[in-house]
Amino acid sequence: MAQIQAAGKQFGLSRVIVNRRFVSNTLKMTTKTSPNGAKLKLRRVAVDTYHENVAYLNRQCKVYQAEGFQALSKVEVMANGRQIFAVLNVVDDDGFVKPDELGLAEQAFAQLGMQEGESVCIAHAEPPDSMEAVRRKIGGERLEIEDFRSITRDIVANRYSKMEMAAFLVGSMHTGLDREEIYSLTRAMTETGEQLKWNATQVVDKHCIGGIPGNRTSMLIVPIVASHGLLMPKTSSRAITSPSGTADTMAVLAEVDLSPERMHEVINTTHACLAWGGKARLAPADDILISVERPLGIDSEGQMVASILSKKIAAGATHLLIDIPLGPTAKVRHMQEALHLRKLFEYIGDRLGLHLEVIITDGRQPVGRGIGPVLEARDVMQVLENLPEAPADLRQKTLQLAGRILEFDPDVRGGQGYALARDILESGRALQKMHDIITLQGSRGFDFSLAPLHIDILAQKAGVVTTINNYQLARIARMAGAPMAKRAGVDLLKKIGDSAERDEPLYRIYAEFPADFNFAKNLANSDDGYTIGRAEDVTQAHMEF
């Protein structure tokens, strides 16, 4: 923290603001004294429980038998004035956890901050007080900002089980969040973590609401905008249900797991970064809720807006461009829905003091050719290198979006941004900036070799490609192993409007392992995601740049 706050160069990190209310409540919860009951030896259990604290007791443990603990109940673990909350799992294998031990999974063990073998106590955890607000929300009542603050504080303190978080998410989706509730939730999530401040009058950012495979515009916009001199500290998430996120694709080229100090070093030199946001601890309540939302397939409007804007506010953004792709298999499928979402973003952004603009873009099909980390990184570098084979749609969308961001600069007149972005790209300045960012973050080379197993998916008849199913193509790429297998994925050979002969390849699947290869091949054979028809049947794009 001191290193970050000490940094004060022109475009460096000025300070990190830690919400005092959150710190105060956290300290109250972590200074409870241990009970006088029996103590157990602490054991580290090498299990990644992904955003959930998990504790393990042996079924023959005397404390377990005496206290009446049950599997999946919430417990408090206490020692030396420290306290964490965890979900209890019961085991029957002494090799996993002995009867005189308490096991903690990786995340819980790190939070407790003690050594293996030290003595700890365990007790039943009281239900979090904020669950009363969750029950009111499920019942259809509207919540106030203090309710959301209480809920998000308890979530970050691991007082909620995943079941309880699911209740909050489903209740919010079922009864809905009005505009004031979305604003309150956004503020509450922002306050749960660190908030970055920068020594710059303008800090720009861009976010796409997702749902479109490929679409790696951020990796192109960042070096273009930074070359102009605007500050763009881009933190992105890793993929959860998509074939690749920006952080996954950038990780092909450079290190993305940057500490705040390393982020500052990169940004101070290049005006930008392309990093994974996990280490910065920005709006951590959002990360925890996302880990529950995605497996449930929950992506409600209010939660999405609060999630996006809380992260941007915490990262110190002053100017933000939101991209809403519109298409029959995109997240947003009707213009009326897109316009409603735009108004909601603009209202919440205005309340938060954020200069925010929203554009509606073509979401009828994947953007670029590659779907998967290496394939998407290849597309990005082809555009930066101005190669003839670079995907034209990725280049065009990048220039449109980058142009709008450049026009945040008061010295750039409205309508001039596109031409300025094009000049920066064609001159090679964006490519050089990308190389600078990669070098400072830690280069991983430029190996675009693909997985060894591959198969072409062929057109079943002759005609014109009229539709491409975004969701199905993303599923096929995931089945092939992306994003965990970085060289796996789907390489598109035909896009909407292209002609195809019978048995001509539509796309090629790449996989590292036979099982993944067979899963992806069988899925594509059952539904290849393409519709072949007449030229007049091609769905027209609805865009607003």
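The values are calculated or read from the model by the stated rules, or taken from the named source; none is laboratory data. None of the values given here were measured: they were computed from a predicted structure. Every residue, glycine among them, receives a Cβ derived from its backbone with ideal geometry; neighbour counts consider all protein chains shown.
Quick notes on this structure:
- Set side by side, the residues Gly497, Gly533, Gly529 differ, and just one is closer than 27 Å to Val332 by Cβ, touching a residue at least 60 places away in the same chain (Cβ under 8 Å) and in contact with a helix residue (DSSP H, G or I) (Cβ under 8 Å, 6 or more places away or on another chain), which is Gly529.
- Flag: Glu376 does not match the condition of being part of a helix (DSSP H, G or I), surrounded by fewer than 16 Cβ atoms within 10 Å (Cβ to Cβ) and in the same structural domain as Gly316 (by TED's automatic domain parsing).
- Any chance Arg378 is more than 19 Å from the chain's Cα centre (by Cα) and more than 23 Å from Ser242 (Cα to Cα): no
- Among the residues of the range 92-141, those that are surrounded by 16 or more Cβ atoms within 10 Å (Cβ to Cβ), of a type in the set (Gly, Ala, Ser) and within 30 Å of Asp178 (Cβ to Cβ) comprise Ser130, Ala133.
- Pro233, sole failed condition from (1) touching a helix residue (DSSP H, G or I) at 6+ places or on another chain (Cβ under 6 Å); (2) over 22 Å from Ser300 (Cβ atoms); (3) not in a helix (DSSP H, G or I); (4) not assigned by TED's automatic domain parsing to the domain that holds Leu401: (4)
- Here the condition is being part of a helix (DSSP H, G or I), acidic (Asp, Glu) and within 34 Å of the chain's Cα centre (by Cα); of Glu132, Glu126, Glu141, Glu116, it holds for Glu132 alone.
- Being within 21 Å of the chain's Cα centre (by Cα), under 30 Å from Glu141 (Cβ atoms) and buried (at least 23 other Cβ atoms within 10 Å of the Cβ) holds for only one residue in Met189, Met219, Met173, and it is Met189.
- Hey, Ala462 surrounded by 14 or more Cβ atoms within 10 Å (Cβ to Cβ) and touching a residue at least 24 places away in the same chain (Cβ under 8 Å) or not: no
- Restricting attention to the range 158-213, the residues being charged (D, E, K, R), part of a helix (DSSP H, G or I) and more than 16 Å from Ile313 (Cβ to Cβ) number 5.
- Selection from the range 499-528 of residues that are surrounded by 14 or more Cβ atoms within 10 Å (Cβ to Cβ) and more than 22 Å from Lys486 (Cβ to Cβ): Ala500, Glu504, Pro505, Leu506, Asp528
- In this structure, Leu309 does not satisfy being closer than 23 Å to Ser218 by Cα, part of a strand (DSSP E or B) and in contact with a helix residue (DSSP H, G or I) (Cβ under 9 Å, 6 or more places away or on another chain).
- Scanning the range 448-488 for residues that are under 20 Å from the mean Cα position of the chain (by Cα), of a type in the set (Gly, Ala, Ser) and closer than 27 Å to Gln540 by Cα yields a count of 2.
- Being farther than 18 Å from Thr249 by Cβ, among the acidic types (Asp, Glu) and free of Cβ contacts under 8 Å to residues at least 40 places away in the same chain is a property that does not hold for Asp503.
A quick yes/no check of all residues on (1) in contact (Cβ under 8 Å) with a residue 40 or more places away in the chain; (2) surrounded by fewer than 23 Cβ atoms within 10 Å (Cβ to Cβ); (3) assigned to a helix (DSSP H, G or I); (4) of a type in the set (Ser, Thr, Tyr):
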site	(1), (2), (3), (4)
Ala239	yes, yes, no, no
Asp257	no, yes, no, no
Leu282	yes, no, no, no
Ser291	yes, yes, yes, yes
Met304	yes, yes, yes, no
Ile322	yes, no, no, no
Leu344	yes, yes, yes, no
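- The one condition from (1) surrounded by fewer than 17 Cβ atoms within 10 Å (Cβ to Cβ); (2) more than 19 Å from Glu52 (Cβ to Cβ) that Ala79 does not meet is (1).
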